[in-house]
Structures are given as structure tokens and as C-alpha cells.
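I have placed the structure first, in the form of C-alpha cells, so that the comments after it can refer back to it.
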Amino acid sequence: MKATVCALALLWAGALFAQTAPPAEHAAHLDKLATLLDLTETQKLQVQQVLQEEHAKMQAAHEQAKASGTKPDWTQMKAMHEQLAQETVQKLQPVLSPAQLKKFQTLQEMHGEMMHGHGHPPGMHDGSAPPAQN
């Protein structure tokens, strides 16, 4: 069961953050997510739109930071990711059933843990903040 959960989390990570993947791979990830959540075709299209909007917002924020010449710190990035995750759940509430939404949130939480080292930046598992960058 744990292996299945890890596989689902990896799938979810790919579905949301595969920025350089070809469109065919994005479609395959969405198809797998649709299967996991047992989405209807209408729901699949609505979920795809919401996830694309989230992805576009994340890319815009990264581009804005890059253009300004500043690099957001880990705390800022984590806060932005959390805010977008909450917005995504809010947008999906009218689209998904309660059971589907719960599954989606579980996958989202697992993705966050995998991407951020269980809530901490890589190498920082004692709860302390990452070292300051000069």
C-alpha cells in the first residue's frame, strides 16, 4: 500500500510541476489523475483548466522574481506554493465530489512533502530555517 501511495505522489508531482514535459506527457499525467480521482470527462476538463491556471500563476511569479533580479527565499516560496494550493482546492470544490476532493488534497499534501523534504528544504529536517544566502 505504501508503494502505491508513493507512486501516486510521484505521479501527482509530475502532473503539477512537469514544466519542460511535452504536451503529450501533460495529457498522460492528467489522464492518470483523472483515473485516480474517477473524474467524468466534464470534471477532467475543469480540473485541467484549474491546474493550468495554477501552473501559469506559479510560472508568472517565478518570472517576475527573475526579472526583478531578486531570488525569493525558501519561506517565501513555500508560502506562495501553499497559497496556490489553497486557491486550487477552493476552485475545485464546486467541481469535485467530497470524496474526490479529499483524495485530491491527500495527493496534494503528499506532493508537498515529497517536494519540500517533509515541510523542510533539502537538508533541513530539524525544523530550523535554511541558512541565509549572501
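The values are calculated or read from the model by the stated rules, or taken from the named source; none is laboratory data. A quick note: this is a predicted structure, and the numbers were derived from the prediction, not measured. For neighbour counting, all protein chains shown are included, and Cβ atoms are generated from backbone atoms with ideal geometry for every residue, glycine included.
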Neighbours by Cβ (under 8 Å, 6+ apart or cross-chain): first from segment 41-58, farther than 16 Å from residue 96 by Cβ; second outside any helix (DSSP H, G or I): 55/19
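From the residues in segment 75-88 that are surrounded by 13 or more Cβ atoms within 10 Å (Cβ to Cβ) and either out of contact with any Leu (no Cβ under 8 Å at 6 or more places or on another chain) or free of Cβ contacts under 8 Å to residues at least 24 places away in the same chain (or both), which one is nearest to residue 106 (Cα to Cα)?
To start, the set of residues in segment 75-88 that are surrounded by 13 or more Cβ atoms within 10 Å (Cβ to Cβ) comprises 76-78, 80-81, 84-85, 87-88.
Remaining after also requiring either out of contact with any Leu (no Cβ under 8 Å at 6 or more places or on another chain) or free of Cβ contacts under 8 Å to residues at least 24 places away in the same chain (or both): 76-78, 80-81, 84-85, 87.
Values: 76: 23, 77: 21, 78: 18, 80: 19, 81: 16, 84: 15, 85: 12, 87: 15 Å.
That would be 85.
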Select from segment 60-74 the residues that are in contact (Cβ under 8 Å) with a residue 12 or more places away in the chain and not acidic (Asp, Glu) and write down the one among them that is nearest to residue 44 (Cα to Cα). 61
Which numbered condition trips up residue 72, out of (1) farther than 17 Å from residue 111 by Cα; (2) assigned to a helix (DSSP H, G or I)? (2)
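Yes or no, residue by residue, for (1) in a helix (DSSP H, G or I); (2) modelled with pLDDT of 80 or more; (3) among the hydrophobic types (A, V, I, L, M, F, W, C); (4) surrounded by 17 or more Cβ atoms within 10 Å (Cβ to Cβ):
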position: 43; (1), (2), (3), (4): yes, yes, no, yes
position: 52; (1), (2), (3), (4): yes, yes, no, no
position: 90; (1), (2), (3), (4): yes, yes, no, no
position: 109; (1), (2), (3), (4): yes, yes, no, no
position: 123; (1), (2), (3), (4): no, no, no, no
position: 130; (1), (2), (3), (4): no, no, no, no
